[in-house]
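Worksheet: one structure, shown below.
Taken together, the values in this text are just the output of simple stated rules run on the coordinates, not laboratory data. Everything numeric in this text was worked out from a predicted model, so none of it was measured. Heads up, the Cβs are rebuilt from the backbone with ideal geometry, glycines too, and the neighbour counts pull from every protein chain shown.
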Amino acid sequence: EAGVAQSPRYKIIEKRQSVAFWCNPISGHATLYWYQQILGQGPKLLIQFQNNGVVDDSQLPKDRFSAERLKGVDSTLKIQPAKLEDSAVYLCASSLSPWDRGSPNYGYTFGSGTRLTVV
Amino acid sequence: KQEVTQIPAALSVPEGENLVLNCSFTDSAIYNLQWFRQDPGKGLTSLLLIQSSQREQTSGRLNASLDKSSGRSTLYIAASQPGDSATYLCAVERNYQLIWGAGTKLIIKP
């Protein structure tokens, strides 16, 4: 099966500019996640979608970050305006619905990530 | 609040050794525990998923165990190879979210 697709792989922007990341999850995966990973740390959940609805966005800095998942498939994450501390790897992941947790196919699949550098 | 700790933070061993990576968590009410591998500059690759009702899972040279009562999991790597060099992260799933450790950076010396 095809994996989780993310683009771009790398992005360098100046502070106060805007940037957008795109994610295409595995077909049939109802749940989609955006994570931020700072070097040397574990991933931090930014937002979780169940189909096209938001399940959790409690750690999303809503004054500058926004995300959407139209039609319950692809998703975009946007930062506007960017700050220096936003430099990180942004990971998209998908999984079956939590109600399928007992399935042998349950598990998180991650994309390759987007490395963002804000200068 | 669930916390996940991985020890050691870094490990360097000669090729061919068997090794154990440790993961501990503070709240035993978890749905599952997953081990991931992350190569530099790349995303995360799922290695093993242990459901809360299971004690261990095996895949090739990898074996992961889970002891919920003590809040511990171990990832055993047999006959290590230079290609095993990466950062290994464990994560527990609770309340529909993953709680992550900071990872163990593993270097296998040829």
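Please grab the % of Cα pairs in segment A:16-60 that end up more than 18 Å from each other.
Numbers: 387 of 990 pairs.
In whole percent, the long-distance tail amounts to 39.
For A:C23, B:C90, which order do you get if you count the other beta carbons within 10 Å of each Cβ and list the fewest first?
Working: A:C23 25, B:C90 31.
The order, fewest Cβ neighbours first, is A:C23, B:C90.
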Excluding residues fewer than 8 positions from A:K15 in its own chain, the lysines with Cα under 28 Å of it are A:K44, A:K62, A:K78, A:K83, B:K42
Cα centroid of segment B:1-44 to Cα centroid of segment A:4-57, whole Å: 22 Å
Candidate cut points under trypsin sites (Lys or Arg not before Pro) in segment A:54-119, DSSP loop plus at most 15 other Cβ atoms within 10 Å of their own Cβ, are A:K62, A:R64, A:K83
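Output the relative contact order of segment B:21-110, whole-number percent, from Cα pairs under 8 angstrom with separation of 6+ residues.
Working: 184 pairs, mean separation 27.8, N = 90.
Rounded, it is 31 percent for segment B:21-110.
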With a ≥ b ≥ c from the Cα gyration tensor eigenvalues, square-rooted, and the rule rounded for a/c under 1.5, otherwise prolate when a/b > b/c and oblate otherwise, chain B is prolate
Once all Cα-Cα distances of segment A:43-119 are split into 10 Å bins that start at 0, what whole-number percent is in each one? 16, 48, 28, 7, 1
Take every residue in peptide A:40-50, count the Cβ atoms of other chains within 10 Å of its Cβ, and give the average of those counts. 4
Normalised by the empirical 2.2 N^0.38 Å for globular proteins, what value does the Cα Rg of the protein assembly as shown take? 1.01
If you count, for every residue in B:46-52, the Cβ atoms of partner chains within 10 Å of its Cβ, what is the mean? 3
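When a/c is below 1.5 the answer is rounded, else prolate if a/b is larger than b/c, else oblate, so apply that to segment B:68-110 with a ≥ b ≥ c taken from the square roots of the Cα gyration tensor eigenvalues.
Details: a/c = 3.49, a/b = 2.05, b/c = 1.71.
Judged from the Cα gyration tensor, segment B:68-110 comes out prolate (a/c at least 1.5, a/b above b/c).
Under the definition of partner shielding as Cβ atoms of other protein chains within 10 Å of a residue Cβ, what is the mean value for peptide B:82-95? Before the final figure, lay out each step's value.
Working: counts 0, 0, 0, 0, 0, 2, 0, 4, 1, 3, 0, 6, 0, 2.
Mean shielding count: 1.
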